[in-house]
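First comes the structure, then the notes that go with it.
The values are calculated or read from the model by the stated rules, or taken from the named source; none is laboratory data. Since this is a predicted model, take the numbers as computed values, not measurements. Positions of Cβ are backbone-derived with ideal geometry, glycine not excepted, and every protein chain shown enters the neighbour counts. We work out accessible area using only protein heavy atoms, side chains counted, and drop any ligands, DNA or RNA first. Shrake-Rupley method; radii C 1.70, N 1.55, O 1.52, S 1.80 Å.
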Protein chains: 2
Amino acid sequence: MPAPASNPRPGTGHPSADSVRPLRIGSPTGADAPEWDIEADVVVVGYGIAGACAAIEAARAGAEVVILERAGGWGGAAALAGGFIYMGGGTGLQRELGFDDDVENMRAFLTAAMGPGADRAKIDAYCEGSVAHYDWLVDAGVRFKSAFYGEPGWEPPADDGLMYTGGENAAPFNAVAEPAPRGHVPQMSAKKAGEQSAGLMLMTPLSERITELGVRSEYDVTTRRLVVSAGDDGDRVVGVLGTRFGRELSVRARRGVVLAAGSFTYNDAMMRAHVPLLAGRPGSAVEQHDGRAIRMGQAVGADLTHMDAAEVAIHCDPQMMVRGILVNGRGQRFVTEDTYPGRIGQEMALHQGNQAYLILDERAYEEAGTTVSATPFLRFRPKWVGETVAEVEAEMGLPGGALQATVELYNRHAARGEDPMFGKNAQWLRPIEGNIAVIDLRGRTGGFALGGLRTDPDSRVLHVDGDPVPGLFAAGRCTSGIAAWGYASGASLGDGSYFGRRAGISAAAS
Amino acid sequence: MPAPASNPRPGTGHPSADSVRPLRIGSPTGADAPEWDIEADVVVVGYGIAGACAAIEAARAGAEVVILERAGGWGGAAALAGGFIYMGGGTGLQRELGFDDDVENMRAFLTAAMGPGADRAKIDAYCEGSVAHYDWLVDAGVRFKSAFYGEPGWEPPADDGLMYTGGENAAPFNAVAEPAPRGHVPQMSAKKAGEQSAGLMLMTPLSERITELGVRSEYDVTTRRLVVSAGDDGDRVVGVLGTRFGRELSVRARRGVVLAAGSFTYNDAMMRAHVPLLAGRPGSAVEQHDGRAIRMGQAVGADLTHMDAAEVAIHCDPQMMVRGILVNGRGQRFVTEDTYPGRIGQEMALHQGNQAYLILDERAYEEAGTTVSATPFLRFRPKWVGETVAEVEAEMGLPGGALQATVELYNRHAARGEDPMFGKNAQWLRPIEGNIAVIDLRGRTGGFALGGLRTDPDSRVLHVDGDPVPGLFAAGRCTSGIAAWGYASGASLGDGSYFGRRAGISAAAS
């Protein structure tokens, strides 16, 4: 066996210029401490949804707060997002619109839909606090229009405030918990003009509260390393080092640092190591989501959880999917077509080799295109058309008889209004007849990573020992939240805002 | 929102008694260094396959070596294992038995079968060094009988030395690379008496070499923390702290520490966080595999890779599976039945909700039981029997027509010796006719975790920064090796031995 190959980065232990290793000092005021450029009680890294909520709660608790944001302004991925916030248990909006829900019902749904492996303690806290969290957002100035959107889709086409966003009303979850819509959408005033997103309408009032509270916001700051003080009680996080336009910036945190800097979706090496099936196909995240906050946490011994979990979007109009059948690369159905489209995306990308075709008859294809609920930019033209299933099956190169057997079985049950294979709701069941159109969905998925730092329900970052890392808190997509292998739209703005608030409260009390 | 709940382990930063946090000292000989109980150049943690190979190479390179083993004797999981070592590229045994193989062919197979996300650099090194690695094992005294076992099965029933162990000769991999058997089994002299395993026959000669080399072996030592020296060149690992029968033991490593202490399969919290689908169903690992070495590495900033990956065994005789069809909980086929049974297990546990049934006709059931290659303890009695597929379909409670459609499609193609759905070899294709037996395989899987510390091909443990952690090396199942989402039997003893040797060489040269 040859000697070890030479290493382009010799392992001398000298941190590289871009190191995430902590700066270790004796005490925040000692001789080896940096000359702090900025000092505050609570330092929040990242001005997206989690950081905004942390800053508000910390400031309201009396802490002096500074937010360090890498971009040139506030907002993060949240401001660009569709804006769903997953809340329930009987929120004001749910009650106004006549939907029954309670904490147990919400918990039952989330436990089933976010797992396996979902964090029970976080789901408990999240459900128990959800009604109050809704009130908190409304109190902070977030508006929700009292209108329900009940059509299949990714988002309401207009400004309706409530929608199903996790397959609550589809199999198998409609048998686990009483269906209740929990996707709360902040109201926009000009969505049609393309100038707003619901996410922006969420972030705008929060940023106004932050300004009113006297929180200091520093932009264009890339946070690079934590500063830890090796005191008698072990390593405690006492600040951060960053850079702004190449110049180093040192920020002291008297009480705590809150990491709220987003996912690792745009870090190719991390994606290949943890979510290889989605590497190279990022979706719905911003390029600042490079995993740095996660690595900064790891460098002080923080643990990781569910790093393989991912939200997956499938690029196809749900109005089309619900009217046809989805089959995998072998012509077999694999999911109920009327569920949350993100669940379809997860099944396809993670369990079906990213292969799927949508089979529609002509009537369904036309219907889907003419409904007012269609999403034109997600409506693709058929790749194959034919007068019979046998004809398109042959054109597609599927095993002879495979798609025919699938359609025959589906049709036989659909004619009776049943779908014993997947439990699709009767409303969408109709035999597939006449001319056939096939939409090629192979590869049409993308997503963002859901895994990250391990935190407790009080948003304390947990060391691999199981104890909190003193002085370090985190929330949002740099942490693993309520979702493990499943997902619902609104879970990220939901747990980011909820546990972001917890992070601010915990840090201020630290 | 209420204030943070009180924490049963207040975050004071005081490491708990069972902490994995490193002891940080100024220098290994300074005033704050422990009084070392043992000193050596290279300290190997764990006396399984990876530790044994590391110790041999480090000692041969002139290093003074000590092995710390938690159990009362050497062997680890390796000594209890079936004993396959995955090697190829044209090993002496492959050539003796008339099998063509080369580095490119082996690389093509592993790249396809161990992924997606498999470590290309490790696969390259592993394939390029495989023939020499075989020679090294033979030279160390490991014997391989020059006999090939060509039947479907988990292991050869007697002492044959070579077998297919990764689905090399089945779809889809038989179209990716020329099939070559690479599962090398150390020869036993008394397997039938149940007193030996091939793994023991691997470990026995290695332990003899270790004794001859004068390596010191310390048993009953649970390694608990690393010791790092905060020198000018950053944190360097300079020793370990452990306990033996409650008494602390400090061991200095002048050149390096090699972590080779196995997987996290028996750590429930880690399994729930990373491999929830297999939590509670450990297989083929020993209870010492509690992930501690991984956490000790994390505590000094080491990175993790592919923590969700897992080997999965399906508890069913391959002689039965190959003669029938496997269907999921909805009666759909999902994998070719003649592939590596571990691949069937992965597909079932990770992608089919751990649901599967084996459908056999009477003739196939009888044949499978009477072949000399049957594995009696993996032969289960049918849960359902019937005179027709329709009859068992109804008894099983499957959707009406689903299993019938699957069998009809399979039979139609099988009658022509074809399986366009999954590419099963013609040798095993025969229509399913007459009385039907159904083996219930739901939940009959178990496995071990494949993820762990991130290392480079020289077995240096990599910090989240990407640089090696000075003085720290690792191999075996506490690291992520050549496998990501796929697996082949022999890959663990294979990469454990191969990269174990690299770890010893690297540590001795450190």
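Could you go through segment A:471-492 and let me know if any residue there is of a type in the set (D, E, K, R) and more than 14 Å from the chain's Cα centre (by Cα).
For segment A:471-492, residues of a type in the set (D, E, K, R) and more than 14 Å from the chain's Cα centre (by Cα): absent.
Can you say whether A:A261 is more than 14 Å from chain B (Cβ to nearest Cβ), open to solvent by 30 Å² or more (accessible area, probe 1.4 Å) and within 30 Å of A:W485 (Cβ to Cβ), as far as the supplied structure shows?
Answer is yes for this residue.
Output the residues belonging to segment B:275-293 that are under 23 Å from B:A488 (Cα atoms) and open to solvent by less than 10 Å² (accessible area, probe 1.4 Å).
Within segment B:275-293, B:V275, B:L278, B:G291 meet the criteria.
May I ask you to list the residues in segment A:296-319 that are in contact with a helix residue (DSSP H, G or I) (Cβ under 8 Å, 6 or more places away or on another chain) and at the interface with another protein chain (Cβ under 8 Å from one of its Cβ atoms)?
A:Q298, A:G301, A:D303, A:L304, A:T305, A:H306, A:M307, A:D308
If a residue has to be closer than 22 Å to B:A59 by Cα and in contact with a Ser or Thr (Cβ under 6 Å, 6 or more places away or on another chain) to count, how many in segment B:480-507 make the cut?
So the answer is 4.
Checking the conditions here, which among A:L472, A:L462, A:L453, A:L441 is at the interface with chain B (Cβ under 10 Å from one of its Cβ atoms) and open to solvent by less than 10 Å² (accessible area, probe 1.4 Å)? Don't jump to the end; show me each part of the working.
Details: A:L462 fails: open to solvent by less than 10 Å² (accessible area, probe 1.4 Å); A:L453 fails: at the interface with chain B (Cβ under 10 Å from one of its Cβ atoms); A:L441 fails: at the interface with chain B (Cβ under 10 Å from one of its Cβ atoms).
Result: A:L472 is the single residue among A:L472, A:L462, A:L453, A:L441 that is at the interface with chain B (Cβ under 10 Å from one of its Cβ atoms) and open to solvent by less than 10 Å² (accessible area, probe 1.4 Å).
Can you go through B:V300, B:V227, B:V286, B:V237 and tell me which one is under 21 Å from the mean Cα position of the chain (by Cα) and of a type outside the set (S, T, Y)?
Going through B:V300, B:V227, B:V286, B:V237 in turn, the sole match is B:V286.
Anything in segment A:462-479 that is over 23 Å from A:V131 (Cα atoms), in contact with a Ser or Thr (Cβ under 7 Å, 6 or more places away or on another chain) and small (G, A, S)? List them, or say none.
The one that is over 23 Å from A:V131 (Cα atoms), in contact with a Ser or Thr (Cβ under 7 Å, 6 or more places away or on another chain) and small (G, A, S): A:G471.
Whether any residue in segment A:318-331 is assigned by the TED database to the domain that holds A:T375, among the charged types (D, E, K, R) and not in a strand (DSSP E or B) is what I want to check.
Checked against the condition, which is being assigned by the TED database to the domain that holds A:T375, among the charged types (D, E, K, R) and not in a strand (DSSP E or B), segment A:318-331 yields at least one hit.
Just to verify a result, which residue in segment B:412-437, among those that are surrounded by 15 or more Cβ atoms within 10 Å (Cβ to Cβ), more than 14 Å from chain A (Cβ to nearest Cβ) and outside any loop (DSSP other than H, G, I, E, B), is nearest to the chain's Cα centre (by Cα)?
The extreme case among them is B:W428.
Give just the number: which of (1) assigned to a loop (DSSP other than H, G, I, E, B); (2) touching a residue at least 60 places away in the same chain (Cβ under 8 Å) does A:G98 not satisfy?
In the conditions (1) assigned to a loop (DSSP other than H, G, I, E, B); (2) touching a residue at least 60 places away in the same chain (Cβ under 8 Å), A:G98 misses (2) alone.
Could you check how many residues of segment A:332-373 are touching a residue at least 40 places away in the same chain (Cβ under 8 Å), assigned to a loop (DSSP other than H, G, I, E, B) and of a type in the set (G, A, S)?
Result for segment A:332-373: 2.
From B:A158, B:A171, grab the single residue that is surrounded by fewer than 18 Cβ atoms within 10 Å (Cβ to Cβ) and either at pLDDT below 95 or within 14 Å of another protein chain (Cβ to nearest Cβ) (or both).
Details: B:A171 fails: surrounded by fewer than 18 Cβ atoms within 10 Å (Cβ to Cβ).
The match here is B:A158.
Is one or more of the residues making up segment A:79-90 open to solvent by 40 Å² or more (accessible area, probe 1.4 Å) and in the same structural domain as A:G291 (by the TED database)?
Taking every residue of segment A:79-90 in turn, at least one turns out to be open to solvent by 40 Å² or more (accessible area, probe 1.4 Å) and in the same structural domain as A:G291 (by the TED database).
Take the residues of segment B:475-486 that are in a loop (DSSP other than H, G, I, E, B) and more than 9 Å from chain A (Cβ to nearest Cβ): which is farthest from B:A509 (Cα to Cα)?
Ranking the candidates gives B:G486 first.
Of the conditions (1) at pLDDT 95 or above; (2) open to solvent by less than 40 Å² (accessible area, probe 1.4 Å); (3) under 27 Å from A:V215 (Cα atoms), A:G75 clears all except one; give me its number.
(1)
Scan segment B:280-292 and tell me whether some residue there is more than 21 Å from B:V257 (Cβ to Cβ), outside any loop (DSSP other than H, G, I, E, B) and not assigned by the TED database to the domain that holds B:L360.
Checked segment B:280-292: at least one residue is more than 21 Å from B:V257 (Cβ to Cβ), outside any loop (DSSP other than H, G, I, E, B) and not assigned by the TED database to the domain that holds B:L360.
Out of curiosity, is A:G214 in contact with a helix residue (DSSP H, G or I) (Cβ under 8 Å, 6 or more places away or on another chain) and either outside the structural domain of A:L493 (by the TED database) or at pLDDT 95 or above (or both)?
Considered against the rule, which asks whether it is in contact with a helix residue (DSSP H, G or I) (Cβ under 8 Å, 6 or more places away or on another chain) and either outside the structural domain of A:L493 (by the TED database) or at pLDDT 95 or above (or both), A:G214 comes out as yes.
For segment A:382-411, enumerate the residues that are among the charged types (D, E, K, R) and in a loop (DSSP other than H, G, I, E, B). Give the derivation first.
So the first thing to find is which residues in segment A:382-411 are among the charged types (D, E, K, R), and the list is A:383, A:387, A:391, A:393, A:395, A:408.
Passing the criteria: A:K383, A:E387.
Just the residues that are outside any helix (DSSP H, G or I) and either more than 10 Å from chain A (Cβ to nearest Cβ) or of a type in the set (A, V, I, L, M, F, W, C) (or both), please, taken from segment B:113-127.
Listed by number, the residues that qualify are B:M114, B:A118.
Among what's in segment A:206-224 and is among the basic types (K, R) and closer than 29 Å to A:V20 by Cα, pick the residue that is farthest from the chain's Cα centre (by Cα).
Start the filter on segment A:206-224 by keeping residues that are among the basic types (K, R), which leaves A:209, A:216, A:224.
The next check asks that each one be closer than 29 Å to A:V20 by Cα; those that pass are A:216, A:224.
Working: A:R216: 27, A:R224: 24 Å.
So, considering only residues that are among the basic types (K, R) and closer than 29 Å to A:V20 by Cα, the one farthest from the chain's Cα centre (by Cα) is A:R216.
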